[in-house]
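Values in this text are rule-based calculations from the coordinates and carry no lab data. It should be emphasised that the depicted structure is a prediction, and the values quoted were computed from it without experimental measurement. Here Cβ is always computed from backbone atoms with ideal geometry, including for glycine, and neighbour counts include all displayed protein chains.
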Amino acid sequence: MALNYMGAAAINALAALLSIPVIAAGIWLSTQADNACVQILQWPLIGLGVAVLAVGLAGFIGAFWRLPWLLLAYLVFMLLLIAALACLAVFVFVATTGSSGRPVPGRAFLEYDLDDYSGWLRRRVDAPGRWDEIKTCLATTAPVCSDLNQTYTAPQAFFAAWLSPMQSGCCKPPTRCGYTFITATNWISPIDGGADPDCAAWSNDQDRLCYSCDSCKAGLLQNLRREWRRADVVLIVATVALLVVYAMGCYAFRAARTDELFRRYRQGYT
């Protein structure tokens with residue numbers, strides 16, 4: 001019986017350790033400037049990771065000190081947490097479906113369209129007043145446009161550059177607007193800018209640029225999509241591993257209870 005309880009303790013300790021990659025994924029997201037400005041996914045990840053750690057430690061204590069009621073509570077709450085992690089993993093995958101960018105003739109970089117992303121994700125950045133907060137945060141914590149003028153001084157070099165989604169969406173006017181290159185963040189407006197709101201939203205003011213454009217919102221969402229997909233891989237692997245460890249824990253708990261009942265039966269018999 002002692003061996004079975006010690007096995008259950010080791011398994012539950014492993015479950016607690018599996019919280020580390022989940023917490024680490026949330027912390028990593030919080031260190032990314034774009035995610036720090038949006039603040040959506042990192043806190044659920046960190047919260048669920050801490051909950052898994054706490055429940056895993058409770059299961060370890062319950063097994064080490066042979067407390068069946070605490071082990072039973074561990075099994076119930078860990079199952080709920082695994083279900084929550086699985087739901088979050090599926091939700092992130094569905095929410096981040098969409099285009100990876102649209103090629104532009106004569107350009108090495110891609111451009112991004114807000115309509116290519118899920119409605120839920122668009123609403124997280126496009127709600128009234130929300131984008132003003134985000135773009136102010138981005139301009140101060142993630143100045144992605146500041147080095148472009150020094151890096152790309154000629155139009156040929158700029159058009160052949162592989163820009164990040166944020167640089168493509170926020171630091172230049174959309175190619176379809178027909179602006180003429182002067183520097184990477186300074187463009188001559190065409191005589192007829194057309195009816196596209198992004199064409200009218202562009203400004204050569206270095207504090208404004210295209211931060212009010214839908215293309216900038218799309219660039220941000222593409223960054224979020226890429227980073228969330230990486231975190232989702234960690235989440236899926238951790239959830240599958242937790243499910244395996246949970247099944248092993250159930251078996252160990254059942255074996256320990258069976259041994260205890262058998263021991264009591266033998267004591268009663270003798």
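Some observations on this one:
- Value of Rg/Rh across segment 1-126 [Cα atoms, Kirkwood radius]: 1.19
- Of the chymotrypsin sites (Phe, Trp or Tyr not before Pro) found in segment 161-208, the ones in coil according to DSSP and having at most 11 other Cβ atoms within 10 Å of their Cβ are TRP162.
- Modelled label reach - ALA108, point 7 Å along Cα→Cβ, segment 123-163 residues with backbone N closer than 20 Å: 144-163
- Taking every DSSP helix (H) stretch of at least 4 residues in the chain, weighting each as -39,500 (n - 2.57) and dividing the sum by the residue count yields a mean residue ellipticity at 222 nm of -22000 deg cm²/dmol.
- Net +/- balance of residues flanking GLU227 in space, Cβ distance below 15 Å, scoring K and R +1, D and E -1: +3
- Among the cysteines of the chain, those whose beta-carbon sits 4.7 Å or more from every other cysteine beta-carbon are CYS87, CYS250.
- Taking the inverse of the mean 1/r over every pair of distinct Cα atoms in segment 156-251 gives a Kirkwood hydrodynamic radius of 15.9 Å.
- Annotation for segment 1-89: chymotrypsin sites (Phe, Trp or Tyr not before Pro) lying in DSSP loop with at most 13 further Cβ atoms inside 10 Å of their Cβ are TRP65.
- Kirkwood Rh, angstrom, segment 143-209 [1 / mean 1/r, Cα pairs]: 12.1
- For the chain, the membrane-span-like helix rule (DSSP H, alpha carbon extent of at least 27 Å along the helix axis, mean Kyte-Doolittle at least 1.6) picks out 42-64, 68-95; this says nothing about an actual membrane.
- The chain - convex hull of alpha carbons, volume per residue in Å³: 129
- Scalar couplings 3J(HN,Hα) for segment 104-109, obtained by applying the Karplus form with A = 6.51, B = -1.76, C = 1.60 to θ = phi - 60°, are 10, x, x, 10, 7, 7 Hz; x denotes Gly and Pro.
- The Cα-based radius of gyration and maximum Cα-Cα distance (Dmax) for segment 87-151 are 15.1, 45 Å.
- Over all pairs of different C-alpha atoms in segment 72-183, the reciprocal of the mean inverse distance, the Kirkwood hydrodynamic radius, equals 17.2 Å.
- Net charge, LEU163 excluded, C-beta distance under 11 Å - Lys, Arg +1, Asp, Glu -1: +1
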